[in-house]
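The values are calculated or read from the model by the stated rules, or taken from the named source; none is laboratory data. Keep in mind the model is a prediction, meaning the values are calculated, not measured. Quick reminder, even Gly has a Cβ in these numbers, built from the backbone with ideal geometry, and neighbours come from all protein chains shown.
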Ligand code: ADP
């Protein structure tokens, strides 16, 4: 079992020829409402790849909160430990996309994601007892994640922290992290490196050196189409991504994390876990959408059979 502690949002996306100026109204060309949030995305990615997944979160049921929970359940994710808050908004992203310039403007309302508390996590101790891997990201308050990681450590559950978005991380949380996953930009920031003047791989290697020196046992630094820099006690190695025609890379990192968690919970090695994560992410970026583009295990072929 994989337990994911994290955020869940509704993304409301309106498309127009261009972005409106302040005070201006433009005719829209399209609209979509899709579930998102790094936590929910990673839960769906893992469930599609065959993991038994429990999601721990707080969801305001104003606006479309209940629909968010129902969508997760439809993916086979256990939502028993999602706290429903009738007085709160769920996380909501209002996204405007201008077709011609390919630009967007976003207002993000964190809603109930900002309210997830250590007490909410304590109530989810039961699924953690059956879990092999716990996964969290930084879109919910760090005290809640810290509580989850403490419970996990006490029960021998392995922890994956996806340090995204780029934020300062509580050292106590890093000390309880068995595997830190982050992209090159987030790694450079967390390691306190100056603005990148070198290649992405060189930046990732420097960041990995700095973070390994802080005692982190395992690091996965994602480098988009270049692959993943793996750093552990055996050293550092670059595992290349699959070559695909990328059409939409939004959510690549979430699919990757879901795949790593799934394989790790199956008892596979770290390198094998990275291989599954990268195969899933490569397929996801070759399709439009975020959760909708995440592959099922069968689609990865016989090499990746569960
Ligand atoms: P994030 O979305 O968090 O910035 P990345 O862009 O580094 O993360 O992507 C995460 C992983 O997804 C990569 O390590 C790689 O395996 C896969 N991926 C991303 N973009 C591509 C691409 N263009 N081609 C193949 N794989 C990709």
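Details
- Residue in the stretch 224-240 that is within 7 Å of the ligand (Cβ to nearest atom), surrounded by 15 or more Cβ atoms within 10 Å (Cβ to Cβ) and within 23 Å of residue 40 (Cα to Cα) present: yes
- Picking from residues in the stretch 153-192 that are buried (at least 22 other Cβ atoms within 10 Å of the Cβ) and in contact (Cβ under 8 Å) with a residue 60 or more places away in the chain, the one that is farthest from residue 126 (Cα to Cα) is 183.
- Residues of the stretch 88-109 that turn out to be touching a residue at least 60 places away in the same chain (Cβ under 8 Å) and in a loop (DSSP other than H, G, I, E, B), as a count: 4
- Some residue of the stretch 271-278 being surrounded by 24 or more Cβ atoms within 10 Å (Cβ to Cβ), out of contact with any strand residue (DSSP E or B) (no Cβ under 8 Å at 6 or more places or on another chain), in a helix (DSSP H, G or I) and in contact (Cβ under 8 Å) with a residue 24 or more places away in the chain: yes
- Among the candidates 135, 181, the residue that is at pLDDT 95 or above and away from the ligand (no atom under 13 Å from the Cβ) is uniquely 135.
- Residue 303 vs. criteria surrounded by fewer than 19 Cβ atoms within 10 Å (Cβ to Cβ) and within 14 Å of the ligand (Cβ to nearest atom): no
- A single entry from 206, 284, 213 fulfils the requirement of being within 14 Å of the ligand (Cβ to nearest atom) and closer than 25 Å to residue 167 by Cβ: 284.
Let's see how each residue does on (1) away from the ligand (no atom under 14 Å from the Cβ); (2) farther than 18 Å from residue 48 by Cα; (3) more than 18 Å from the chain's Cα centre (by Cα):
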{"residue": "245", "(1), (2), (3)": "no, yes, yes"}
{"residue": "248", "(1), (2), (3)": "no, yes, no"}
{"residue": "251", "(1), (2), (3)": "no, no, no"}
{"residue": "256", "(1), (2), (3)": "no, no, no"}
{"residue": "262", "(1), (2), (3)": "yes, no, no"}
{"residue": "265", "(1), (2), (3)": "yes, no, no"}
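- Across the stretch 243-270, the qualifying residues are those that are under 16 Å from residue 180 (Cα atoms) and out of contact with any helix residue (DSSP H, G or I) (no Cβ under 6 Å at 6 or more places or on another chain), and the one among them that is surrounded by the fewest Cβ atoms within 10 Å (Cβ to Cβ) is 269.
- Qualifying residue in the stretch 198-219 (condition: surrounded by fewer than 19 Cβ atoms within 10 Å (Cβ to Cβ) and under 30 Å from residue 10 (Cβ atoms)): no
- Within the stretch 1-27, the set of residues being in a loop (DSSP other than H, G, I, E, B) and in contact (Cβ under 8 Å) with a residue 12 or more places away in the chain comprises 1, 6, 7, 8, 17, 18, 19, 20.
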